[in-house]
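**Student:** Before we start, here is the structure in question, set down as structure tokens.
The values are calculated or read from the model by the stated rules, or taken from the named source; none is laboratory data. These numbers were taken from a predicted model, which means no experiment stands behind them. Every residue, glycine as well, gets a Cβ built from its backbone with ideal geometry; the counts of neighbours run over all protein chains shown.
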């Protein structure tokens with residue numbers, strides 16, 4: 001397996017996991033706790049030792065994202081909203097990459113959020129509210145917006161709104177990593193089979 005494709009696939013799974021969780025919480029009010037913790041913590045490790053370290057050092061942490069990515073690559077229509085959010089994250093990350101001032105603000109405030117997480121926990125509501133506020137202050141100022149579809153009962157709750165914004169931020173963070181590793185949208189068309197095979201191999205990886 002090409003190491004590069006393995007890493008590109010891990011980052012794609014990071015995007016798929018975060019956007020699948022957005023879809024999940026917007027429609028059901030619930031998030032898978034382990035997958036959610038992995039997505040949020042991917043925002044807080046600002047100097048990871050490796051691509052896998054971004055996701056807690058264990059492929060199993062990305063199982064939800066890998067399974068979602070596998071379904072998407074097979075052309076299944078189970079997670080159309082998550083797919084749309086993923087392409088939205090790619091679009092927003094491109095705009096963010098051109099805005100050095102906003103990147104600096106994100107870096108500084110993510111450092112503060114990481115310190116806050118040490119006092120509480122990574123998924124504590126204070127940390128999530130902070131990350132949600134960061135999304136509002138930065139990414140939400142772009143002209144392009146991701147329209148999240150779901151149950152109004154859940155979407156109107158501030159706690160869930162913060163979770164959604166924090167997860168969209170995590171999707172953008174994984175998109176940034178994906179591009180740094182050499183990922184691009186052409187691969188999703190032209191190298192789909194290689195990526196799909198890599199997903200299957202990663203899903204067969206045993207936890208350590």
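**Student:** Please specify each residue of the range 114-124 satisfying the condition of being touching a helix residue (DSSP H, G or I) at 6+ places or on another chain (Cβ under 6 Å) and part of a helix (DSSP H, G or I).
**Tutor:** Scanning the range 114-124 gives 114, 116, 117.
**Student:** Right, something else. Here is a list: 112, 187, 157. Which entry is in contact (Cβ under 8 Å) with a residue 12 or more places away in the chain, under 30 Å from residue 4 (Cβ atoms) and surrounded by fewer than 22 Cβ atoms within 10 Å (Cβ to Cβ)?
**Tutor:** Residue meeting the stated conditions: 187.
**Student:** Could you list, in sequence order, all residues of the range 24-35 that are free of Cβ contacts under 8 Å to residues at least 60 places away in the same chain and either surrounded by 22 or more Cβ atoms within 10 Å (Cβ to Cβ) or part of a helix (DSSP H, G or I) (or both)?
**Tutor:** 24, 34, 35
**Student:** Please work out which residue is surrounded by the fewest Cβ atoms within 10 Å (Cβ to Cβ), limiting yourself to the range 125-154 and to residues that are out of contact with any helix residue (DSSP H, G or I) (no Cβ under 7 Å at 6 or more places or on another chain) and without any contact (Cβ under 8 Å) to a residue 60 or more places away in the chain.
**Tutor:** 143
**Student:** Out of 21, 69, 62, I need the residue that is over 15 Å from residue 9 (Cα atoms), touching a helix residue (DSSP H, G or I) at 6+ places or on another chain (Cβ under 6 Å) and either outside any helix (DSSP H, G or I) or modelled with pLDDT of 95 or more (or both). Which one?
**Tutor:** 21
**Student:** Tell me, which residue of the range 126-166 that is over 19 Å from the mean Cα position of the chain (by Cα) and in a loop (DSSP other than H, G, I, E, B) is farthest from residue 112 (Cα to Cα)?
**Tutor:** 151
**Student:** I've got another one for you. Quick one: residue 46 ticks every box in (1) surrounded by fewer than 16 Cβ atoms within 10 Å (Cβ to Cβ); (2) touching a residue at least 40 places away in the same chain (Cβ under 8 Å); (3) over 18 Å from residue 167 (Cα atoms) except a single one, so which number is it?
**Tutor:** (3)
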